[in-house]
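The structure appears below as structure tokens.
The values are calculated or read from the model by the stated rules, or taken from the named source; none is laboratory data. Since the model is a prediction, treat every value here as computed from it, not as a measurement. Heads up, the Cβs are rebuilt from the backbone with ideal geometry, glycines too, and the neighbour counts pull from every protein chain shown.
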Amino acid sequence: MNYRPKGMWVWDPWCVADGAGTVHLFHLQQYERPEDGDWNLCPMGHAVSNDLLHWKELPSVLPPSEAVRDDDDRQAWTGCAVPHNGRINLFYTMRGSASDGRIQAIGLARSEDGVHFERYSGNPVLRPDPRWYCTAAAPIPGVVDCRDMMVIPAPDRPGWYGYFATRRPGADQGEAAVIGLAWSPDLIRWEQLPPVFASTRHACVEVPDVFELDGRWYLICLTGMVYGSLNDFTEPEWNFGTVYAVADSPRGPFVELADNSLIGTARMGGPLSLRHLEFEGGLYCMYTDRENIGRVDHADAHLGTLTTPKLLRTNGDRLELAYCDRVEQLVKREIPVDPEWLRQLVGEDYSQIWPMRPLPVEFREDGAIGLERRNTFRILPLGVAGVRSYIFEVDVTLQDAASGGVAVRMAEDPRADCDLIRLDRERGKLQFLGFRKADYSERCTIPFEAGCEYRLRVVARHEHIELYIDDRLCLCVTRYRCPEGGLGLFTERGRTVFRNLRIRELDIPGPASGM
């Protein structure tokens with residue numbers, strides 16, 4: 001429920017179920033106010049949940065300290081947690097003042113009670129093997145990338161596989177990024193193996209995750225233009241986000257398909273650091289929903305809050321994030337939309353900044369609503385406003401319309417501004433568009449077809465807005481303007497039919513507040 005600890009922002013998160021119905025969340029964090037402290041000295045956040053929605057904050061773990069060795073006295077970076085023999089093994093990225101955090105290694109901390117963690121005396125448990133991976137001399141002098149360890153039980157031999165972000169020593173810097181592989185019989189001794197994923201497409205890949213789904217193995221990792229590449233995504237609209245690759249074995253090699261894009265955004269403000277979680281028979285995904293500095297539109301992207309759970313699924317080879325109905329446990333009330341009530345709202349067309357002659361709206365006996373405008377577009381307000389968090393869903397058929405969809409965050413006078421969620425058949429795009437001022441746009445490629453029905457679902461949790469088409473999570477948007485604005489339907493240059501309209505308010509206290 002937009003969880004973050006009091007006074008902190010959430011950075012990379014990862015979860016593990018303890019087998020007794022409790023999920024442990026570990027995450028990097030930074031102080032909400034810079035004057036509260038140096039982020040390099042932040043401890044690691046820790047919380048627990050039994051439903052992936054409500055989180056109880058626990059004491060932080062692994063605080064940096066001058067008493068710790070000088071290669072491990074900076075904020076511990078991303079890792080993973082592995083339950084084994086009644087103990088939680090917490091892997092993390094070691095960083096220290098000796099190298100100003102530039103020489104990394106994998107450390108281990110262990111807990112007998114799930115609350116108090118002690119660093120393993122034999123740390124580090126893994127440094128890059130120069131047969132396969134980088135050294136302080138190459139490919140970047142003075143830098144050793146070795147971070148974000150993800151550990152899974154090995155399905156083909158006793159022990160565990162570990163995946164970590166690193167580089168090859170003998171490659172050009174722009175082609176050196178790889179995901180390394182190691183095997184351990186006991187979670188302490190690690191034998192390093194050749195990389196499982198290497199691509200000349202990415203200048204950097206990090207936060208790896210590996211899991212099996214429907215008989216194939218998937219690897220996901222974070223990348224983007226900010227790391228130094230211009231061609232990371234097969235989705236042409238995205239510049240930052242998560243890519244995936246597939247293999248027939250957890251040992252790889254993992255290969256990117258013609259579509260390598262899982263979730264992303266045009267600007268550096270989308271979901272951050274995806275990790276899977278097996279819980280109560282489901283395969284879930286958790287990540288960070290990012291905020292903007294100052295919590296205003298158009299500011300630089302920052303860290304954020306923990307998302308609500310999503311499902312992982314495949315569509316053939318394609319990996320997708322999918323709608324998870326656990327969020328419906330937060331439904332506060334159903335907001336009725338009555339056609340008779342709507343008929344009284346159709347006195348004016350709100351698509352222009354000046355009054356337009358209203359056109360008839362078709363209210364069919366089966367509850368469907370037909371909207372039409374031949375030369376431009378029109379908006380039908382639904383008379384729903386004052387709701388910050390909601391699930392807004394409707395079946396949309398672009399009968400012959402160039403585009404259609406829904407309006408959200410409509411100002412009190414809808415001519416002042418609104419945001420459009422646009423199923424654009426003409427361009428083959430799903431778009432979130434800041435309409436009146438054209439001040440915001442996120443898009444992804446979906447080839448919408450005339451006469452086909454698509455289930456559009458909008459999940460708004462204060463500033464975090466998720467767009468689903470047929471239960472696939474397609475876009476994530478962080479938007480601050482007019483959070484309690486109204487909702488509506490729209491069509492452009494043709495006829496669009498809307499069926500099974502449903503609006504439910506979610507009970508999510510406070511905008512992105514600690515719980």
Worksheet item: Is it the case that Val115 is surrounded by fewer than 16 Cβ atoms within 10 Å (Cβ to Cβ) and not charged (D, E, K, R)?
Response: yes
Worksheet item: Of the numbered conditions (1) over 23 Å from Ser99 (Cα atoms); (2) in a strand (DSSP E or B); (3) of a type in the set (Ser, Thr, Tyr), Thr166 satisfies every one except a single condition; which is it?
Response: (1)
Worksheet item: Just a yes or no: is a residue in region 223-235 in a strand (DSSP E or B) and not assigned by TED's automatic domain parsing to the domain that holds Thr445?
Response: yes
Response to the item:
Looking across region 442-467 at residues that are in a strand (DSSP E or B) and of a type in the set (Val, Ile, Thr), the single one that is nearest to Leu430 (Cα to Cα) is Thr445
Discussion item. Please go through (1) of a type outside the set (Asp, Glu); (2) modelled with pLDDT under 95; (3) part of a strand (DSSP E or B) for Arg436 and return the number of the only condition it doesn't satisfy.
Written reply: (3)
Worksheet item: So Ile188 fits all but one of (1) at pLDDT 95 or above; (2) outside any loop (DSSP other than H, G, I, E, B); (3) not charged (D, E, K, R); what number is the exception?
Response: (2)
Discussion item. Tell me the residue from Trp183, Trp190, Trp160 that is in contact (Cβ under 8 Å) with a residue 40 or more places away in the chain and more than 27 Å from the chain's Cα centre (by Cα), please.
Written reply: Trp190
Practice prompt. Tally the residues that are in a loop (DSSP other than H, G, I, E, B) and modelled with pLDDT of 95 or more, restricting the search to region 191-213.
Written response: 1
Item to complete: Those residues that are modelled with pLDDT of 95 or more and assigned to a strand (DSSP E or B), I need them from region 31-56; list them, please.
Response: Met44, Gly45, His46, Ala47, Val48, Ser49, Lys56
Discussion item. If I filter region 168-182 for residues that are at pLDDT 95 or above, over 21 Å from Ser273 (Cα atoms) and surrounded by fewer than 19 Cβ atoms within 10 Å (Cβ to Cβ), do I get at least one hit?
Written reply: no
Worksheet entry | Subset tally (residues that are part of a loop (DSSP other than H, G, I, E, B) and under 16 Å from Trp160 (Cβ atoms)) for region 68-94 | 1
Discussion item. Can you confirm whether Gly241 is surrounded by 15 or more Cβ atoms within 10 Å (Cβ to Cβ), in the same structural domain as Asp12 (by TED's automatic domain parsing), free of Cβ contacts under 8 Å to residues at least 40 places away in the same chain and of a type outside the set (A, V, I, L, M)?
Written reply: yes
Practice prompt. Run Tyr3 past the list (1) out of contact with any His (no Cβ under 7 Å at 6 or more places or on another chain); (2) closer than 19 Å to Trp77 by Cα; (3) in contact (Cβ under 8 Å) with a residue 60 or more places away in the chain and report the number of the one that doesn't hold.
Written response: (2)
Fill in: Filtered residues of region 27-54 (kept if surrounded by fewer than 15 Cβ atoms within 10 Å (Cβ to Cβ), without any contact (Cβ under 8 Å) to a residue 60 or more places away in the chain and closer than 20 Å to Met149 by Cα)
none
Discussion item. Going residue by residue through region 76-96, is there one that turns out to be surrounded by fewer than 21 Cβ atoms within 10 Å (Cβ to Cβ), over 24 Å from Val16 (Cβ atoms) and either at pLDDT below 95 or more than 26 Å from the chain's Cα centre (by Cα) (or both)?
Written reply: yes
